[in-house]
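Asks: Please find one structure pasted underneath; my questions will follow.
The values are calculated or read from the model by the stated rules, or taken from the named source; none is laboratory data. The structure presented is a predicted model; accordingly, all values stated were derived computationally and were not measured. Because the Cβ atoms are built from the backbone with ideal geometry, glycine has one as well, and the counts that use them run over all protein chains shown. Accessible surface is based on the protein model in full, side chains and every heavy atom, while ligands, DNA and RNA are left aside. Shrake-Rupley method; radii C 1.70, N 1.55, O 1.52, S 1.80 Å.
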Amino acid sequence: MSATVLVVDDSATTRSLVASFLAGWEDIEVIEASSGFEALRVLPSRAVDVIVSDINMPDINGLELISFVRANPIYRHIPVVIISTESSAGDRKRGLELGAVDYVVKPFDAETLRGAVGVALARRRREAGP
């Protein structure tokens, strides 16, 4: 079963890294957005299974993006994985409280990212049902 992952980060390098880590794994298509605002423009036009988002971005940050996704009945089922340089327990707690399913600290490796996205995909598939 193929899946679409929306990667939201203002760093083109990070977006490319995430895409390369997910390439050829689990039949995943990666869509990129350079900001939270751009992600909000993508969501109505594409079916997305998982969102991987940075926190610190211009315009709409990752936490605001999660809040929007969780508040919107059309998108609230989409699991969100946070990737961030913010590594304090408070940052992690806040992201998870807002509704992220995982919080991955930068720098990360392919195995860590794939593990987080794999858990998010499994959750999405369970909630979607047969």
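Asks: Of these, 75, 103, which one is in contact with a Lys or Arg (Cβ under 6 Å, 6 or more places away or on another chain), closer than 28 Å to residue 24 by Cβ and of a type outside the set (Gly, Ala, Ser)?
Replies: None of the other options fit; the residue is 103.
Asks: Checking residue 38 against (1) of a type outside the set (Val, Ile, Thr); (2) within 19 Å of residue 120 (Cα to Cα); (3) out of contact with any Phe, Trp or Tyr (no Cβ under 7 Å at 6 or more places or on another chain), which single condition isn't satisfied?
Replies: (2)
Asks: Here's something else I'd like to know. Which pairs do you get when a residue that is within 11 Å of residue 9 (Cα to Cα), found in the range 29-41, comes within reach of a residue that is basic (Lys, Arg) and crowded, with 18+ Cβ neighbours inside 10 Å, reach meaning Cβ atoms under 6 angstrom, with the pair 6+ apart or on two chains?
Replies: Correct list of pairs: 32/15.
Asks: Enumerate the pairs (first residue in the range 56-71 and of a type in the set (Val, Ile, Thr); second residue anywhere and open to solvent by less than 50 Å² (accessible area, probe 1.4 Å) and outside any helix (DSSP H, G or I)) with beta-carbon separation below 7 Å, excluding pairs fewer than 6 apart on the same chain, so at least 6 apart or on different chains.
Replies: 60/35; 66/80; 66/99; 66/100; 69/51; 69/75; 69/78; 69/80
Asks: Please enumerate the residues belonging to the range 1-10 that are hydroxyl-bearing (Ser, Thr, Tyr) and open to solvent by less than 40 Å² (accessible area, probe 1.4 Å).
Replies: 4
Asks: I would also like to ask the following. Mind checking whether some residue in the range 49-61 is among the small types (Gly, Ala, Ser), at pLDDT 95 or above and farther than 26 Å from residue 127 by Cα?
Replies: No; the residues of the range 49-61 include none that is among the small types (Gly, Ala, Ser), at pLDDT 95 or above and farther than 26 Å from residue 127 by Cα.
Asks: Pick out the one residue from 119, 80, 101, 105 that is open to solvent by less than 20 Å² (accessible area, probe 1.4 Å) and out of contact with any His (no Cβ under 9 Å at 6 or more places or on another chain).
Replies: 80
Asks: Can you work out which of the residues in the range 48-77 that are open to solvent by 60 Å² or more (accessible area, probe 1.4 Å) and of a type in the set (Asp, Glu) is nearest to the chain's Cα centre (by Cα)?
Replies: 64
Asks: Could I ask something else about it? If I ask for residues that are open to solvent by 80 Å² or more (accessible area, probe 1.4 Å), more than 18 Å from residue 116 (Cα to Cα) and in contact with a Ser or Thr (Cβ under 8 Å, 6 or more places away or on another chain), which ones from the range 22-46 would you list?
Replies: Within the range 22-46, 46 is the sole residue that qualifies.
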